[in-house]
Structure formats: structure tokens, C-alpha cells
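Since every read-out is calculated from the coordinates, none of them should be taken as a lab result. What you see is a predicted model; the values in this text were computed from it and never measured. Cβ: placed from backbone, ideal geometry, glycine included. Neighbour counts: every protein chain shown.
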């Protein structure tokens, strides 16, 4: 699965270590965790034009398989 998006704090997306999600380090009472998968490949940053404005683009490839019972 390939997903292209901008990772910024302004879009309310903050990547965390996958290991911290699996081992329970992130307290669900203080963190809202949305899992889209483990990043297995990251592309180089490309510069593209979007609506006439230069924008940085990065592609991430995710492995969506989670171990059984990893989240509950």
C-alpha cells in the first residue's frame, strides 16, 4: 500500500516509534493512536508543483500486518 501525504504538526499527525505502540509505552489515556501500519520504505523528498506552489512530497510504504493481539 502506498500513501502520499505531508507529515506536519499542523495536520495533527505525529509519527511515533512503532515499537512504542506495540509494547504499550504510549499511554492510551494520553495518546490517541491511529495505526496505519509500520513504515517499511521511505522515498527521497520530491519537489512538485501543486496549484502553482512548490511543495515537498515524500512517499511511504507501509506493512499493514500487525501481530495478533498487539492492540488489545
| query | Of the peptides 42-52, 15-25, how do they stack up when ordered by the mean number of other Cβ atoms within 10 Å, highest first? | reply | 15-25, 42-52
| field | Net lengthening on full extension, residue 63/residue 49 (0.36 nm per residue, minus Cα-Cα) | value | 2.2 nm
